[in-house]
Amino acid sequence: MGDDFDWGDFVVVCCCADSDTRHRSRYGTAVAVCCCLLAALALVALLVAAFAFVVPVRVTVDDAALGRLALAGAAPAPAPAPSGCVNGSCTGTGTNISYDLSVAVALHNRNWAMSVWRRGALDAELRFRGSTFARARLAGEGRDRIHALRMEVYRLAAAAESAPVALGPVGAAELASQSAAGVFELELAVFGEVKYQAHARRRAIDVTCPLRLSRSTATAPAAFARVKCT
């Protein structure tokens, strides 16, 4: 049989047509009606299950490149930290760092029938040893639609020559050690909201993605494997 053959259609046709063509009896008609009714009920149950139960959006980091991450000298005198910062470095105390990196974050809609809409901003934080050294916006206010079994990719590039961050002596020593080794362990946190088709309530995205990155250059890009965020 060809690739377009559908066994489900075959079963329904057999149930609904066989008795009519062979016997045309009351018994055959009853069997045909029962088969068609069961097929219809099965289809309704399948659609109800598809839209009633939500499979949460999965977040992954599909690509990441680190050009620079190193100590940049002493931090200035302590100052009160602002409530937030977007597309730039975050004020802190303790150490200044220099960094240059880019990431590609994907939102995967794993539902096979319903679409997902991103609502509001999609924000990210870059962290070293739990300390945030940058916040950035992956996507602004909007309503991106992610179709069933599809994904949407958002890209971010962040850089600073001397960004203050509250690492402390232990964190600064660890950063210096990782810089000497050329392999860095970072975290990317992603925050946002999505709305599922046929569901009124918005659901939050609040995940952390562990990143293990080597230095990368235009002529010698470092290998990167997809990371699942939890």
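The number of residues in segment 99-112 that are over 18 Å from the mean Cα position of the chain (by Cα) and open to solvent by 10 Å² or more (accessible area, probe 1.4 Å) comes to 1.
Screening ASP62 against (1) modelled with pLDDT of 55 or more; (2) of a type in the set (D, E, K, R); (3) open to solvent by 50 Å² or more (accessible area, probe 1.4 Å) leaves a single unmet condition, (3). Among the numbered conditions (1) under 25 Å from ALA139 (Cα atoms); (2) touching a residue at least 40 places away in the same chain (Cβ under 8 Å); (3) out of contact with any Asp or Glu (no Cβ under 7 Å at 6 or more places or on another chain), the only one that GLU152 does not meet is (3). Just checking, does segment 161-181 include any residue being open to solvent by 50 Å² or more (accessible area, probe 1.4 Å), within 27 Å of the chain's Cα centre (by Cα) and not hydrophobic (A, V, I, L, M, F, W, C)? The answer is no; no qualifying residue exists. Examine segment 86-96 for a residue that is under 25 Å from GLU193 (Cβ atoms), open to solvent by less than 50 Å² (accessible area, probe 1.4 Å), modelled with pLDDT of 65 or more and not aromatic (Phe, Trp, Tyr), and state whether such a residue exists. No, segment 86-96 has no match at all. With respect to the numbered conditions (1) over 18 Å from SER216 (Cα atoms); (2) in a helix (DSSP H, G or I); (3) of a type outside the set (A, V, I, L, M, F, W, C), which one is the sole condition not fulfilled by GLN178? Exception for GLN178: condition (1).
Quick grid of which residues meet (1) under 22 Å from VAL207 (Cα atoms); (2) at pLDDT below 95; (3) in contact with a Pro (Cβ under 8 Å, 6 or more places away or on another chain):
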position: ALA121; (1), (2), (3): yes, no, no
position: ALA124; (1), (2), (3): yes, no, no
position: ARG137; (1), (2), (3): yes, no, no
position: ILE146; (1), (2), (3): yes, no, no
position: ALA160; (1), (2), (3): no, no, no
position: PRO164; (1), (2), (3): no, yes, yes
position: GLY171; (1), (2), (3): no, yes, no
position: SER179; (1), (2), (3): no, yes, no
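Counting the residues of segment 217-230 that are at pLDDT 95 or above and of a type outside the set (A, V, I, L, M, F, W, C) gives 3. Candidates in segment 127-147 are the residues that are open to solvent by less than 70 Å² (accessible area, probe 1.4 Å) and touching a helix residue (DSSP H, G or I) at 6+ places or on another chain (Cβ under 9 Å); of these, the one that is nearest to SER179 (Cα to Cα) is PHE128. If you go through segment 129-175 and keep only what is farther than 27 Å from VAL59 by Cα and assigned to a strand (DSSP E or B), you end up with GLU161, SER162, ALA163, PRO164. Among the candidates ALA124, ALA189, ALA157, ALA204, the residue that is under 30 Å from ALA72 (Cβ atoms), surrounded by fewer than 16 Cβ atoms within 10 Å (Cβ to Cβ) and within 18 Å of the chain's Cα centre (by Cα) is uniquely ALA157.
Condition check for ARG110 on (1) out of contact with any Asp or Glu (no Cβ under 9 Å at 6 or more places or on another chain); (2) in a strand (DSSP E or B): one failure, at (2).
The values are calculated or read from the model by the stated rules, or taken from the named source; none is laboratory data. Quick caveat, the model's predicted, so the values are computed rather than measured. Positions of Cβ are backbone-derived with ideal geometry, glycine not excepted, and every protein chain shown enters the neighbour counts. The area values use the complete protein model at the heavy-atom level, side chains included, leaving out ligands, DNA and RNA. Shrake-Rupley method; radii C 1.70, N 1.55, O 1.52, S 1.80 Å.
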